Amino acid sequence: MTLLIRRMTSLLLAAGIVASVGCSTSVVEPPILVGDSKRDTAIRVNTESRAEVISSNRAFAVDLYHALRVRAGNDNLVFSPHSLSTVLAMVYAGARGETEMQIEKTLHFLIPQNQLHPVFNRINLDLNGLDDKSGSGGFQLNVANSIWAQTGYPFQLPFLNTLTKNYGQGIRLVDFIPNESRELARKQINQWAHRETSGRISELLKRDLLTKDTRLALVNAVYFKGLWESPFDKPTQPGKFHLLDGQTVSVPMMEQRFNARIVDNPEFAAVEMPYRGDRARMLFVVPKEGRFLEFEESLAAETIDEIRGALKTRDTELFLPKFEYEADIQLAPILTEMGMPLAFDPNNADFSGMDGSRWLFLKHVVHKAMVKVDEKGTEAAAASAALVEKISMPWRIQIDRPFFFCIYDTQHGNLLFLGRVVDPRN
């Protein structure tokens, strides 16, 4: 008897602070099949369960940051912890046995599956609810999932119902087996990702990622755009930035003076910048000269909360470099090293919760992310009044050396993006 190994591929992406661009050539998407359940948009979860999942996601975020920074060397880094936790939770829904336990441990999941998935549903619904519906464009946040399944494949109905009830509106049936229809499916998935990120993520799936053995593609997209509550109203000028290797380079340096929440101590300086409407904030952390690597190595899940708790409002003069870069990460080897190798092992993976068999395994986890920080947001003029206070000399925050950043929602502290900038020119 010939053993056929059918591959389950999970694919994910994230997009950062970006400006919208045009869409790619349109490809007609397959119809969405709704089974026994639709997404539960009225789901309620208890506060303790939500806090547990947010804490788990943050712990995974820091673990992954440390795994990625080793591979990144002296390069910039950006990824979306929330996007990754969400799509891996979708994978987790079909895992059983030791495979399930490894994923659970790697992602720090502490509550049972029947509680976990509704919490992810509620968190994502709440994040989408933060979007500014006024049409002003002051704040945009979109979190979306899509499920692409091989037509005719015998997936377990409870698994599909878990996904459609908590992560999406239904199942898109495609045919990954013939070359022509597989290429069409790739284009359809790429088009969906392109649209859900306002055109900022293109070609999510390279041609070699889908194969005739692919049976399932789970895709997540995060799009965020925010206008600064307090804009950079002074002309951007060339400024010095000190790299890790001791070089000094010239970069476009933005400047503003405003009442900011900051920390300035012997270990680091930090400044928090809210977006218009204060639905989310961006935190910049600049280790003191010569302490970047030491600070990075000590970065823990509690670090961000500790820094946020120490912030005090001060009259501040901020110098921040403009930066824009992207990341394209293959996460299979990294997640294997982090503690979930069985998921990627074709001979031993147990995703029997998906189809009742042991024929499925996780082949790829792909993550694309980009971030752009510039002067945009000056239309939020009402917030600029805080900058005119001149009672005393301002605190000076000069971000002229490598720094860390994160973006989080202010309601529950979900960590949307995490990264570092070691060279703003890249």
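Could you please let me know if residue 217 is over 19 Å from residue 416 (Cα atoms), of a type in the set (Gly, Ala, Ser) and not in a strand (DSSP E or B)?
no
Going through 70, 119, 78 one at a time, which residue ends up being farther than 25 Å from residue 360 by Cα and without any contact (Cβ under 8 Å) to a residue 40 or more places away in the chain?
70
Filter the range 320-337 down to the residues that are open to solvent by less than 20 Å² (accessible area, probe 1.4 Å) and more than 20 Å from the chain's Cα centre (by Cα), then identify the one that is nearest to residue 372 (Cα to Cα).
Step by step, filter the range 320-337, then rank; the result is 321.
What are the pairs with Cβ atoms under 7 angstrom where one residue, in the range 343-369, is surrounded by fewer than 19 Cβ atoms within 10 Å (Cβ to Cβ) and the other, located anywhere, is assigned to a loop (DSSP other than H, G, I, E, B) and modelled with pLDDT under 85? Sequence gap at least six, or different chains.
346/5
Answer yes or no: is there a residue in the range 240-252 that is within 23 Å of residue 409 (Cα to Cα) and either in contact with a Pro (Cβ under 7 Å, 6 or more places away or on another chain) or aromatic (Phe, Trp, Tyr) (or both).
Looking through the range 240-252, none of the residues is within 23 Å of residue 409 (Cα to Cα) and either in contact with a Pro (Cβ under 7 Å, 6 or more places away or on another chain) or aromatic (Phe, Trp, Tyr) (or both).
Does residue 192 satisfy the condition of being in contact with a strand residue (DSSP E or B) (Cβ under 6 Å, 6 or more places away or on another chain) and assigned to a helix (DSSP H, G or I)?
Spelling it out, residue 192 is indeed in contact with a strand residue (DSSP E or B) (Cβ under 6 Å, 6 or more places away or on another chain) and assigned to a helix (DSSP H, G or I).
Mind checking which residues of the range 146-178 are assigned to a helix (DSSP H, G or I) and either over 18 Å from residue 96 (Cβ atoms) or open to solvent by less than 50 Å² (accessible area, probe 1.4 Å) (or both)?
159, 160, 161, 162, 163, 164, 165, 166 - these are the residues of the range 146-178 that are assigned to a helix (DSSP H, G or I) and either over 18 Å from residue 96 (Cβ atoms) or open to solvent by less than 50 Å² (accessible area, probe 1.4 Å) (or both).
Looking only at the range 226-253, filter to residues that are open to solvent by less than 50 Å² (accessible area, probe 1.4 Å) and part of a strand (DSSP E or B); which one of those is nearest to residue 279 (Cα to Cα)?
226
For the range 262-289: of the residues being charged (D, E, K, R) and open to solvent by 70 Å² or more (accessible area, probe 1.4 Å), which is farthest from residue 415 (Cα to Cα)?
Taking the candidates together, the pick is 289.
Considering each of 114, 142 in turn, give the residue that is at pLDDT below 90 and either in a helix (DSSP H, G or I) or open to solvent by 40 Å² or more (accessible area, probe 1.4 Å) (or both).
142
What tally of residues in the range 308-342 results from selecting those that are without any contact (Cβ under 8 Å) to a residue 40 or more places away in the chain, assigned to a helix (DSSP H, G or I) and of a type outside the set (D, E, K, R)?
Final tally of qualifying residues: 4.
Only residues that are buried (at least 22 other Cβ atoms within 10 Å of the Cβ) and among the polar types (S, T, N, Q): list them for the range 396-426, please.
414 - this is the single residue of the range 396-426 that is buried (at least 22 other Cβ atoms within 10 Å of the Cβ) and among the polar types (S, T, N, Q).
How about the range 52-102: which of its residues are among the hydroxyl-bearing types (Ser, Thr, Tyr) and closer than 21 Å to residue 143 by Cβ?
55, 56, 65, 80, 83, 85, 86, 92
Looking at 87, 70 in this structure, which one is open to solvent by 30 Å² or more (accessible area, probe 1.4 Å), in a helix (DSSP H, G or I) and of a type outside the set (S, T, N, Q)?
Just one listed residue meets the conditions, 70.
When the residues of the range 220-252 are narrowed to those that are of a type in the set (Ser, Thr, Tyr) and more than 26 Å from the chain's Cα centre (by Cα), which ends up farthest from residue 422 (Cα to Cα)?
Ranking the qualifying residues of the range 220-252, first place goes to 236.
Test residue 301 against the stated conditions and say whether it is closer than 24 Å to residue 54 by Cα, in contact with a Gly (Cβ under 7 Å, 6 or more places away or on another chain) and among the hydrophobic types (A, V, I, L, M, F, W, C).
Against the criterion (closer than 24 Å to residue 54 by Cα, in contact with a Gly (Cβ under 7 Å, 6 or more places away or on another chain) and among the hydrophobic types (A, V, I, L, M, F, W, C)), residue 301 does not qualify.
Within the range 97-111, track down each residue that is at pLDDT 95 or above, outside any helix (DSSP H, G or I) and either touching a Pro at 6+ places or on another chain (Cβ under 8 Å) or open to solvent by 40 Å² or more (accessible area, probe 1.4 Å) (or both).
108
Search the range 290-306 for residues that are loosely packed, with under 15 Cβ neighbours inside 10 Å and pair each with any residue that is part of a loop (DSSP other than H, G, I, E, B) when their beta-carbon atoms are under 8 Å apart and the residues are at least 6 apart or on different chains.
Pairs that qualify, where the first residue is loosely packed, with under 15 Cβ neighbours inside 10 Å and the partner is part of a loop (DSSP other than H, G, I, E, B), are 293/244; 305/413.
In the range 203-225, what residues are closer than 29 Å to residue 74 by Cβ and open to solvent by 60 Å² or more (accessible area, probe 1.4 Å)?
Matches in the range 203-225: 203, 206, 208.
Hey, could you check the range 377-395 for residues that are buried (at least 18 other Cβ atoms within 10 Å of the Cβ) and either at positive phi or within 26 Å of the chain's Cα centre (by Cα) (or both) and say which is modelled with the highest pLDDT?
Among residues in the range 377-395 that are buried (at least 18 other Cβ atoms within 10 Å of the Cβ) and either at positive phi or within 26 Å of the chain's Cα centre (by Cα) (or both), the one modelled with the highest pLDDT is 377.
The values are calculated or read from the model by the stated rules, or taken from the named source; none is laboratory data. Note that the structure is a prediction, hence the values are computed from the model and not measured. FYI the Cβ positions are ideal-geometry reconstructions off the backbone, even for glycines, and counts take in every protein chain you see. These area figures cover heavy atoms from the full protein model, side chains too; ligands, DNA and RNA do not enter into them. Shrake-Rupley method; radii C 1.70, N 1.55, O 1.52, S 1.80 Å.
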